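Accompanying notes for the structure given below.
The values are calculated or read from the model by the stated rules, or taken from the named source; none is laboratory data. Everything numeric here is computed off the predicted structure, so don't read it as measured data. Glycine also receives a Cβ, built like all others from the backbone with ideal geometry; neighbour counts cover every protein chain displayed.
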Amino acid sequence: MHLRKGTDAPRSLNAATLFGVLAGIFTLLLITAIALLVADQRKLLDSVTQLRTQALPTSIEQQRLARNIETLRLEGERVLSASTPQARQQAMFVVNLMASHPSILGNPRARDIATETELFLTRVTRGEQGDSAVHAEWAQLSRRLSLAADDISVEAVSLARGEVATMGAVIEGAQQKLYATLAITLVFVIVLLLLMHRRLILPLQRIDATLKTLGKTAPVLDLPPGSLHEIKAIEGAIGQLHDILQKHEETRDELERLAATDMLTGLNNRREFMHIAAGEVARSQRYGRPVTVGLADLDHFKRINDQHGHAAGDLALRAFADLVRSTLRHADTAGRYGGEEFAFVFPETTPEEAAVLSNRLRSRLDAMVIALPDGATLRMTLSIGIADASVRSLEEALSVADQALYEAKASGRNTVVLRPMAGLSILPPDFDH
Amino acid sequence: MIAHAQRLGALLGALLLLPAAATLAAPRELQVATLQMTTSADVPEARAIVELNDALIREICVRIAARCTQHPLPFADILPGIESGRFQLGVANVLHTPERERRVLFSQALWRSSSRLVGTTASIGRFGGEVRLADLRGAAVAVVKGTQQHRAIQGIAQAQRLRIVETESTGEAMALLLRGQTDFALMPVRSAYFLLQSAQGRATFTGPALLDSGLGGSVHAILPKREAQLRQDVDAALDAMRGDGTFQRILRRYMPFLAD
């Protein structure tokens, strides 16, 4: 597999596990926050209930008590200041009523001072109290009644205010918890988005980009290993797919090569040669450039097969092919045309220049000694026909070259024959000197 | 033809709906038990006891959209009348007690009250000056029949050799006291306040105010046990009356002070 896969790659995480753990942590935090908020809400409701059922009623009762004490004090003033016995008696009845009121009797401080006041005023109405002491004692009682009323009134306000302050503190706490909950949610969302971006979106984008180039030849698939198990699995699959495609590509190339190559000599086979040569001829003719083709035939090759066997013949053909590859230029194309017959195309080359090249090949073969496995040696010669292809079709040029080859054979072999546009030119064996 | 049929259908529908609409619009009828006024207490100050209750009843009935018929009764007949359902509302200075709670429903508190002995100057002097109920021996005490005062006296009468003089109303009890037919009367302080106005100094409170043994506490309107919804309505009316000051103004109309 060509997928880059380091041995120190981080351990992959399962996406469901990762997001499950995150969701679990968040849910836990959220539940805790909600539980705290619910607790605060309960506290608030308790405070409201406390305020409604106890603090406020008690506060109202205290205010009424303060008012009753003040009424008692005012009626006491009326008892002392009454101008008629009837008015004094009427005021005294109110004093009696106030001193008997359950609100006053239920408060020890109020009860004591109310009882003391009632007894004092009763003594006054009955004339049992000396005039000189009345006003001084009443001034003291009146002051104590006023203070008691004030204190009880203040207590009533404080009672409600304390409960309201408690509610305020609870609301403030709840508000802070709410902010904390919102912050937790925000952090979770950000972390989730970052994780999704880094662990999911980026790997998926890389995978997408890789998939787009997968069909193209990419020798090594450069996918950094993802940290999530699922992403890693996809990347692995893509790597495998890439390997398969690469193998297919190589196989296809090999098949193409095999289809274009002559198995014995390794040169282009006739079909491939024709394909390449047609392209070269067409290109040269399009740009008005010279191009030349040649046909060559090993002289008396049948004798080699007959005298040394087909294996020796094959060896001779391979040796000739090697010579062709080492002698011709890189831009030249050679192909096995059939049996012991070979074809060449020389781009950017005039027939005369091609004849020089062909003659160099011919002379090198003429000088070459091929050693056979049985210790024997053999030598070969070559006849070549050259034709200009810059003004005619490939088929016509090859036909002309074939005629030149025929001429070469007819003229005694081991020679190069150039057939120009008109006439025939037989090159001497030392042409390349 | 079809139009005629539609008009006829609409007319029939309206006729069918009329009784239901009338039922919805009609105020509910309430029989209200209240305190009976005695002839002997027919003085302006004494009338205030029942007039205060009458004013409260009228205001409550207006607030709950009810047509109320008042039935003045002796106190002793009021609790049984409410308990039986003969009356749907009772406004009669009824003190709250656990025993009564089992028999009837109580509205929210109207005010609070305690009880006190009332005596004439002569009777008070005869029994040694400032008289305490717990120390009273061999006296005749007038109480309204069926009240908490009656129950309390009954509880100590034998041990303290007290003679109970049962009356139908506080006015009657005061009248008996002023005529010298009893030594003392035990009654709610608020009722005594009204009655003492007309006694012209011949009677007065004696001894401390009493709260224990059910002699003091909160005073309520009462309703039959099955009238829970009506109680809610009455309580809502009382809340509204306190909220807009109507309750306080009614009390001040009959008393120069608020002592709720």
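Collect the residues in the stretch A:128-186 that are among the β-branched types (Val, Ile, Thr) and either over 60 Å from the mean Cα position of the chain (by Cα) or farther than 29 Å from residue A:39 by Cβ (or both), keeping them in residue-number order.
Across the stretch A:128-186, the qualifying residues are A:134, A:152, A:154, A:157.
Being surrounded by 15 or more Cβ atoms within 10 Å (Cβ to Cβ), at pLDDT below 95 and among the acidic types (Asp, Glu) is the filter here, so list the residues in the stretch B:231-260 that pass it.
Within the stretch B:231-260, just B:260 meets the criteria.
For the stretch A:157-185, how many residues meet the condition of being out of contact with any Leu (no Cβ under 8 Å at 6 or more places or on another chain) and either aliphatic (A, V, I, L, M) or not in a helix (DSSP H, G or I) (or both)?
Matching residues across the stretch A:157-185 total 7.
From the list A:67, A:73, A:123, A:111, which one is farther than 21 Å from residue A:151 by Cα, charged (D, E, K, R) and either within 12 Å of chain B (Cβ to nearest Cβ) or free of Cβ contacts under 8 Å to residues at least 24 places away in the same chain (or both)?
Matching residue, one of A:67, A:73, A:123, A:111: A:123.
Mind checking whether some residue in the stretch A:343-352 is in a helix (DSSP H, G or I) and in contact (Cβ under 8 Å) with a residue 40 or more places away in the chain?
There is at least one residue in the stretch A:343-352 that is in a helix (DSSP H, G or I) and in contact (Cβ under 8 Å) with a residue 40 or more places away in the chain.
Does at least one position in the stretch A:80-92 carry a residue that is of a type in the set (Val, Ile, Thr), at the interface with chain B (Cβ under 8 Å from one of its Cβ atoms) and free of Cβ contacts under 8 Å to residues at least 40 places away in the same chain?
no
For the stretch B:194-214, how many residues are buried (at least 23 other Cβ atoms within 10 Å of the Cβ) and either in contact with a strand residue (DSSP E or B) (Cβ under 6 Å, 6 or more places away or on another chain) or closer than 10 Å to residue B:118 by Cα (or both)?
Matching residues across the stretch B:194-214 total 6.
Report, by residue number, each residue of the stretch A:178-208 that is of a type in the set (Gly, Ala, Ser) and surrounded by 12 or more Cβ atoms within 10 Å (Cβ to Cβ).
A:180
Go through the stretch A:209-234 residue by residue and tally those that are surrounded by 13 or more Cβ atoms within 10 Å (Cβ to Cβ) and at pLDDT 80 or above.
Here the count works out to 1.
Going by the structure shown, is residue A:383 small (Gly, Ala, Ser) and either at pLDDT 95 or above or not assigned by TED's automatic domain parsing to the domain that holds residue A:316 (or both)?
So residue A:383 passes the test.
From the residues in the stretch B:92-116 that are among the aliphatic types (A, V, I, L, M) and at pLDDT 95 or above, which one is farthest from residue B:221 (Cα to Cα)?
Taking the candidates together, the pick is B:104.
Check whether at least one residue in the stretch A:366-381 is surrounded by 24 or more Cβ atoms within 10 Å (Cβ to Cβ) and either part of a strand (DSSP E or B) or among the aromatic types (Phe, Trp, Tyr) (or both), and report yes or no.
no
If a residue must be in contact with a Gly (Cβ under 7 Å, 6 or more places away or on another chain), among the aliphatic types (A, V, I, L, M) and within 18 Å of residue A:336 (Cβ to Cβ), how many such residues does the stretch A:387-413 contain?
2
Being surrounded by 15 or more Cβ atoms within 10 Å (Cβ to Cβ) and among the aliphatic types (A, V, I, L, M) is the filter; apply it to the stretch A:31-47 and report the residue that is nearest to the other protein chains (Cβ to nearest Cβ).
Taking the candidates together, the pick is A:44.
If you scan the stretch A:57-73, which residues turn out to be buried (at least 17 other Cβ atoms within 10 Å of the Cβ) and aliphatic (A, V, I, L, M)?
Of everything in the stretch A:57-73, those that are buried (at least 17 other Cβ atoms within 10 Å of the Cβ) and aliphatic (A, V, I, L, M) turn out to be A:65, A:66, A:69, A:72.
Scan the stretch A:96-108 for residues that are part of a helix (DSSP H, G or I) and either at the interface with chain B (Cβ under 7 Å from one of its Cβ atoms) or β-branched (Val, Ile, Thr) (or both) and jot them down.
A:96, A:97, A:98, A:99, A:102, A:103, A:104, A:105
Considering only the stretch A:326-342, state which residues are of a type in the set (D, E, K, R) and without any contact (Cβ under 8 Å) to a residue 40 or more places away in the chain.
A:329, A:332
Residue by residue, here is whether (1) crowded, with 18+ Cβ neighbours inside 10 Å; (2) in contact with a Phe, Trp or Tyr (Cβ under 9 Å, 6 or more places away or on another chain); (3) assigned by TED's automatic domain parsing to the domain that holds residue A:382; (4) more than 25 Å from residue A:258 (Cβ to Cβ) holds:
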{"site": "A:284", "(1), (2), (3), (4)": "yes, no, yes, yes"}
{"site": "A:296", "(1), (2), (3), (4)": "yes, yes, yes, no"}
{"site": "A:299", "(1), (2), (3), (4)": "yes, no, yes, yes"}
{"site": "A:306", "(1), (2), (3), (4)": "no, no, yes, yes"}
{"site": "A:334", "(1), (2), (3), (4)": "yes, yes, yes, no"}
{"site": "A:340", "(1), (2), (3), (4)": "yes, yes, yes, no"}
